[in-house]
Structures are given as C-alpha cells and as structure tokens.
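*Asks:* I am attaching a structure below and will ask some questions about it afterwards.
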Amino acid sequence: MTTNTDSDSGKAGSDKPALRILLCAPRGFCAGVVRAIDAVNEALRRHGAPVYVRHEIVHNKYVVEDLKARGAIFVDELDEIPDTDAPVIFSAHGVAKSVPQEATRRNFFAIDATCPLVTKVHREAELHHKRGRTVVLIGHKGHPEVVGTMGQLPDGAAVLVETVADVAALEIADPDNLAWASQTTLSVDDTADIVSALTKRFPKIVAPHRDDICYATTNRQEAVKAIAGRADVFLVVGAPNSSNSQRLRETAERMGCARSLLVERAKDIDWPLFGDAKTIAITAGASAPEVLVEEVIEAIRERYDAQVEIVDTVKEDMFFPLPRELR
C-alpha cells in the first residue's frame, strides 16, 4: 500500500528540480533495538550515571553518542570497568558465556539486553550440542552476534560458514550429526543459497524450528525488494558496521537499483550520485533512529521539490519487555 504524505511539492514558483521519494515501511528500529536502548535509559533513570555498557548497545553512532551524553560509559571488555555497584549492560548482539561468568566473578550488577531472537539462536545451538550435533553457523566472522553465538559452545563444537564456497570446503568428522543456525541479520537470499548448499551436501542436517533471520531483517529486505525497481537511487540510513543495514543496500543493488548507498547521516549523501534521478527510495536499518531518516529527507528537500510517498508492505507489532532487572 502506498500512502502520500504532506510535502512542499507542487508549490507554484519552485525552482528546485522535482523528485519523488519512496519511503519504505517498515524501516528503522526493531523491537530488540528498542528494548536494548530502553534498558540503558531505564538503568540511568533508576540508578543514575554511570551505567556501563559492553560494546555498542546497537550499531549506530548517533544512538551511542546520545546515551554517552546521558551518562552511559561504553567499553570493549569488562576488564575496563573498575569495581563498581553501577549497572553493567550487555549489548543487543549477545555475548559469549564467558562474559556473564566474568561479571558474576566480579560481583557486577549485570543486565543482559541481548535481543530475545538472538537468545533463541543461543538456546537452539546449546540444545543441538547436547544432542551430539556439530553446529554449522551461517554468519560473518568477527561480528559481535557471531562471537556471542559461537561462545555458547565449547571450542570446536561449532563451525562458521560465510559463503557457499565455505560449505564445499567443510570438513566434518560426523556428517550425520549436524545442525545449522544463522546470524539474525543476514541477507535472506544469500542465506537461502547457503542452506541449499548445506542440505545438498549434508542431507541429514537439522534445520531450526523457526527461521533464525529475524522478522525485522526479513521485513525490511522485503520492503526494499518491493520498490527497488521503481527507484533511480536507493539510500539506506544506517551505520557501516550494521550488518542488517549493509544487507539492505546489497538487496537494493541486487534488485536492480545500481545507485544504492549506505549513509549514516545526511552529510554522507553523495549528491552527484543523484544525477538526473526522478525517483529515489529511502529505508533505514534496524538500529537507525527515525530522526536520522527525517534529517536525510530534510537535506533532500533543501535541494529538490520533493514529494514523499510511504510504501507500506507489512505492519509490525512486535514488542519485547525490558530485562527483568529493570521491570
């Protein structure tokens, strides 16, 4: 469904070139991101500053800087935190088992803001391990979510694949006892190709009970697919280290919009890229706040007589309660 929004377009005497903006819906924050950010804000409200956060609570510099200004202190590892009674929050991406164990050893007031959909993957991986299966994890090496999921299991109990070629190169001691899981923020299409390769090579491999790629990642990619063919330029608002944002840009490109760009802020827009564009599309990654989308649209309106159309593909009503320590 396409909905027209109020705009300055069509005003008499405008000397700006006309431009149509197709605005994806859904876009931006998912329920897991809202929960994680709310956890930091609620911890600050209840306990005051400082509140320590291990890693970026979500992959967005604007969000992180805003929380820093409120009193959050971000660290890479727990050994950077002094002995303290202040809350220590784990990011939405999840952590290896060694992290809460270390927090317990140091008597930290730990709050786990891991997205429940990531926790689901952790629990399934543990269950497969208990049943004697090697877990093949589809994901990006070094991504915090992958590090956290691999860290649920003993060394050697899980193997990581990033591509179909990785599947072909796998050496598995017991190919009849395998299960696969995936990072929640991957490309739906790329993951399907890898799963197909896995099931072809290992016919007995066990799949997740429900798809590991989260609802928000899937919905945002489907929204991009729905309108990429209508756009001359596709802008994805999101951070370069945000996996789901990168996948949105790739999806737009794959669906035929060659001029697809990931931008953190309006200042990152490559204006010459617009060229003679008549229609552009905009979406936002699951960790990008709506204020940055509005900033991008405002910057476009300074240069173009822009008319915005919201293109709805699905309604989202997912909600996750705060971690129990903050309820």
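Values in this text are rule-based calculations from the coordinates and carry no lab data. This one's a predicted model, so the numbers in the text were calculated from it and none came from an experiment. As a convention, Cβ positions derive from the backbone with ideal geometry for all residues, glycine included, and neighbour counts pool all protein chains shown.
*Asks:* How large is the translational diffusion coefficient of the stretch 176-327 in µm² per second when you combine the Kirkwood radius over alpha carbon pairs with Stokes-Einstein at 10 °C and 1.306 mPa s?
*Replies:* The estimated diffusion coefficient comes to 92 µm²/s.
*Asks:* I'm a student and want to see the number: the projected area of the Cα convex hull of the stretch 75-186, averaged over all directions, in nm². Numbers along the way, then the final one.
*Replies:* Details: hull surface 29.9 nm².
Seen from a random direction, the Cα hull of the stretch 75-186 projects 7.5 nm² on average.
*Asks:* Counting only DSSP beta bridges with both residues in the chain, what percent are antiparallel, rounded to the nearest 5? Walk me through the numbers on the way to the answer.
*Replies:* Numbers: 3 of 45 bridges.
Percent antiparallel among DSSP bridges in the chain is about 5.
*Asks:* Next question. Peptides 20-27, 117-124: what's the order by average Cβ count within 10 Å, highest mean first?
*Replies:* 20-27, 117-124
*Asks:* Continuing with this model, one more query. What angle do you read, to the nearest 10 degrees and between 0 and 90, between the alpha-carbon axis of helix 290-301 and the longest principal axis of the chain?
*Replies:* 30
*Asks:* List the pairs from Lys120/Lys225; Lys225/Lys278; Lys120/Lys315; Lys61/Lys278 whose alpha-carbon separation is above 25 Å, in the order I gave them.
*Replies:* The pairs that break the limit, which is 25 Å between Cα atoms, are Lys120/Lys225; Lys61/Lys278.
*Asks:* By per-residue mean of other Cβ atoms within 10 Å, what is the highest-first order of 59-72, 218-231, 275-288? Can you show the working numbers first?
*Replies:* Numbers: 59-72: 17.7, 218-231: 20.6, 275-288: 22.2.
So the order, starting with the most tightly packed, is 275-288, 218-231, 59-72.
*Asks:* At most 16 other Cβ atoms within 10 Å and a DSSP loop assignment: could you name the chymotrypsin sites (Phe, Trp or Tyr not before Pro) in the stretch 271-327 that fit?
*Replies:* Phe319
*Asks:* Treat the count of other C-beta atoms within 10 Å as a stand-in for reagent exposure and order Val188, Val291 from fewest to most.
*Replies:* Lowest to highest Cβ neighbour count: Val291, Val188.
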